[in-house]
Amino acid sequence: MALFIGSDIYRLPVFAPPHPLAIPRAALAEDLCRAMGWLPDVQYRTSPMADIGDLTAFHEPDYIAALIEAEATQTLPPDARALYRIGADSNPIHPAVFRRPATSAGGVMLAARLTAQGGIVHAPGGGNHHGQKARASGFCFVNDIALGISTWLAQGLTRIAYLDLDAHHGDGVETAFADDPRVLTISLHEAGRWPRTGTQHHPAQSIYNFPVPAAFNDSEFAYLFDRAILPLIIAHEPQAIMLLPGADALADDPMARLALSNNCLLDAAGALKKLAPRLVVLGGGGYNPYSLARAWACIWATLNDIPIPATLPQQAADTLAGVAYFRAAGRTPPAHWLTSLRDSPNPGPVRPEILSMEIF
Ligand SMILES: [Zn+2]
């Protein structure tokens, strides 16, 4: 039985438009799963909040202290902002700037503990893959992924695979485990997009990066997933896999130019489920609340072997109809955002830049 980790802290409207995170995300995915009748209480766990001791397993104590100060005072001195990038670079100081990322970390660490003996957990509030040891980056204040993987390592696991399908390079996780051969990190992301890292493979460090061109389609995804990504994961013989699906590689996302249908993400989750006794699926990026919630609900269904209906029951349609989305597209959402869970597939040619990618 798969478990779902959520928290009402994700319902706090802590970001304001035009910040891309000023949309319902993990809580909307949870609400959609409930509206589908897919989330009985027996499968739900409330995320604990990580404490300072938990967080300093990866982060520098002074950085965590600054995050706590930022929440308490809603400001930081200029030198601390400059050093820690809290209240800088689109990482705004908000009313839960410590508690919310600490809850995401607590959730992913709980997921690692719940799977100590095996199992599947979906924690869509986790997935802050840009977070650095002593610096906020890319809307990420705490690297919950590094903390979750470290929890597995502390249990004695020696072969862990991390797959990042977000449109942005998973730089924080890659850096965290660059010198640890126990952790394979694979990131597939849009070439040339912020943070502009992840341009090449580093096989000696078990780091693999697949920077893909704009308009990346379902056929190209299947090509790379089957021929490159799955074989790399299988060769690592993982005892545990952490998947960051994101939702910003989807065609409907406003922050990237990739063109996947959500079928790619749920197919990936379905394939990984068979490859290791432990699987934790996170959330990650994604800036269109409709496509994010639909994708992550489909992933939850896939993890539970629940068939996904072609048309939404009324309660689920009502959940999506109630979404507030500040972008222009939110005023007249296309029908498929409101009436279906699965996207129509988006097949296409496998372009030369994909065919020429180095495959191991
Ligand atoms: Zn992203």
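Observations, loosely collected:
- Mean-position separation - Cα centroids, region 73-87 and region 244-266, in angstrom: 33 Å
- For region 193-241 versus region 303-360, the spacing of their alpha-carbon centroids is 22 Å.
- Residue-count net charge about Asp54 - beta-carbon cut-off 12 Å; Lys, Arg +1, Asp, Glu -1: -1
- Pairs of Cα atoms nearer than 8 Å and 6+ residues apart set the relative contact order; for the chain it is 18 percent.
- When the Cα convex hull of region 3-355 is projected onto planes of every orientation, the mean area is 16.1 nm².
- Per-residue ellipticity at 222 nm from helix content only, as computed over the chain with -39500 (n - 2.57) for each DSSP H run of at least four residues, stands at -9500 deg cm²/dmol.
- Mean-position separation - Cα centroids, region 1-18 and region 155-169, in angstrom: 22 Å
- Net +/- balance of residues flanking Glu30 in space, Cβ distance below 14 Å, scoring K and R +1, D and E -1: +2
Every read-out reported here was derived from the displayed coordinates using simple, explicitly stated rules and does not represent laboratory data. For clarity, every value in this text was computed on a predicted model and none was experimentally measured. For neighbour counting, all protein chains shown are included, and Cβ atoms are generated from backbone atoms with ideal geometry for every residue, glycine included.
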